[in-house]
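The values are calculated or read from the model by the stated rules, or taken from the named source; none is laboratory data. All values reported here derive from a predicted model rather than from experimental measurement. Here the Cβ positions follow ideal geometry from the backbone for every residue, glycine too, while neighbour counts run over all protein chains shown.
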Amino acid sequence: MKSTRIQLLLVTTLFFSMLSPINGQGRTKNKAASFARWYKGNTHTHTLASDGNAPASYVVKWYYNQGYNFIALTDHNKIINPDTVKLPGKLRKDFILIRGEEVSGGKSIHTTGLNVTGYVDPGDKTLANAAILQNHVDSVLTHSGLPILNHPNFSKGIHASNISTTSKLHMLELFNGHPGVYNWGKEGHAPVEVKWDSLLTQGHRFFAVASDDAHHYDQFYPEKANPGRGWVMVKSTVLSPDSIVAAMVRGDFYASNGIILKTVEANQNNLTVEIDLVATKEQLKSPYLTGNITTEGKSGFLIEFIGSGGKVLKKTEGTSASYAVNGSEQYIRCRVSYCRKRAENKFEYLYAWTQPVFPGQK
């Protein structure tokens, strides 16, 4: 086990320097990949151990009953040992808990330590934003975990300029289901997706997750931090903490707050995405979803391939699309959206975001 965790730490810290140009999502064709499947999970969840309002056993049962395959209990500066959590009876074989912690520093700089081996000290909370974040990342890696920058637009937030100076950080929360997190932007802060594109355009290789940041499990309405709003779909041959994190490090996952994908494939010539229409229609019935509310919209599905500077390289209305790679792109990522009318002059957008691929880069 110790050898496995050390190898995972090395992969986490060194992977991006060895990344195959087109294979930003680890999608090379091989025998093992043909046996992989999608696993649904949440990387950011709170319990009574910090500021959630339900015990760990209740939280786990909620996600289990909703069909999730894995969750991480990530209380503020506290570790819950998964072995101490009472699990639902007659447990499915396709459900696990992953050890985690939300390392919470000053100035609302929080970092998930996913699959850490032990408690991660948040360090000096009086430092500047960039220094706090760097301390978090270094400490999470010391404990063999995967560092994920949480909610860049929470409270005073953190700008892309501070994120870009952080060494060995390659993952951030693109969507966070907490109502106090301004995913779509606020005064003084661009939408998180714009910050992501800024980092990618500067040459930083970042993958993105969606999560609940759930705190409230008794009352369900938009003003509460409820579960069921954002998740990751991870493609792995094995369901275990190490294999899930390794797949995320490779980029073999996508983030979603409402859309389920059937296909995400990249090769030297094409990036192809296909929506799982049956699963998505079922998912859209969920009362827990909260999307981007706008005053303008067009109902239906839209698939957009996005490149440097956030420029839309191609867009297709429908449930499947491919982008032909010409090799000059700095990066390519895909945003899949579904728009539905909510009220007079009110539209809601729900998304799935694939991870970027990097043609022609070494």
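Numerical summary
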item	result
Top-ranked residue of the stretch 161-179 - restricted to ones that are among the aliphatic types (A, V, I, L, M) and within 15 Å of S108 (Cα to Cα), ranked as nearest to the chain's Cα centre (by Cα)	L172
V336 vs. criteria crowded, with 16+ Cβ neighbours inside 10 Å, of a type in the set (A, V, I, L, M, F, W, C) and farther than 23 Å from V194 by Cβ	no
Looking only at the stretch 128-146, and only at residues there that are small (G, A, S) and surrounded by fewer than 23 Cβ atoms within 10 Å (Cβ to Cβ), the one that is nearest to V103 (Cα to Cα)	S139
Restricting the stretch 293-307 to residues that are out of contact with any Asp or Glu (no Cβ under 7 Å at 6 or more places or on another chain) and farther than 17 Å from A255 by Cα, the residue that is surrounded by the most Cβ atoms within 10 Å (Cβ to Cβ)	G297
Answer from F253, F301, F305 - the residue that is more than 20 Å from the chain's Cα centre (by Cα) and in contact (Cβ under 8 Å) with a residue 12 or more places away in the chain	F301
Pair list, Cβ under 9 Å, 6 or more apart: the stretch 260-289 residue more than 13 Å from R335 (Cα to Cα) and of a type in the set (F, W, Y), other residue modelled with pLDDT of 95 or more and buried (at least 18 other Cβ atoms within 10 Å of the Cβ)	Y288/G177; Y288/D212; Y288/N226; Y288/P227; Y288/G228; Y288/R229
Selection status of V325, surrounded by fewer than 19 Cβ atoms within 10 Å (Cβ to Cβ), more than 24 Å from Q283 (Cα to Cα) and of a type in the set (A, V, I, L, M)	no
Among the candidates S139, S161, residue that is without any contact (Cβ under 8 Å) to a residue 24 or more places away in the chain, at negative phi and in a helix (DSSP H, G or I)	S161
Failed item in (1) of a type outside the set (S, T, Y); (2) closer than 17 Å to L172 by Cβ; (3) outside any loop (DSSP other than H, G, I, E, B), with I98 passing the rest	(2)
Matching residues, the stretch 234-248, being surrounded by fewer than 21 Cβ atoms within 10 Å (Cβ to Cβ) and aliphatic (A, V, I, L, M)	V238, L239
Scope the stretch 253-292; condition surrounded by 17 or more Cβ atoms within 10 Å (Cβ to Cβ) and among the basic types (K, R); matching residues	none
Qualifying residue in the stretch 120-127 (condition: assigned to a loop (DSSP other than H, G, I, E, B), buried (at least 24 other Cβ atoms within 10 Å of the Cβ) and in contact with a strand residue (DSSP E or B) (Cβ under 6 Å, 6 or more places away or on another chain))	yes
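Each row is one residue, and each column tells you yes or no for (1) over 18 Å from the mean Cα position of the chain (by Cα); (2) modelled with pLDDT under 95.
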position: D138; (1), (2): yes, no
position: H151; (1), (2): no, no
position: V181; (1), (2): no, no
position: G188; (1), (2): yes, yes
position: L200; (1), (2): no, no
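Conditions (1) over 20 Å from I244 (Cα atoms); (2) surrounded by fewer than 19 Cβ atoms within 10 Å (Cβ to Cβ); (3) in contact (Cβ under 8 Å) with a residue 12 or more places away in the chain, marked per residue:
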| position | (1), (2), (3) |
| --- | --- |
| N69 | no, no, yes |
| T74 | no, no, yes |
| N81 | no, yes, yes |
| G89 | yes, yes, no |
| R92 | no, yes, yes |
| L97 | no, no, yes |
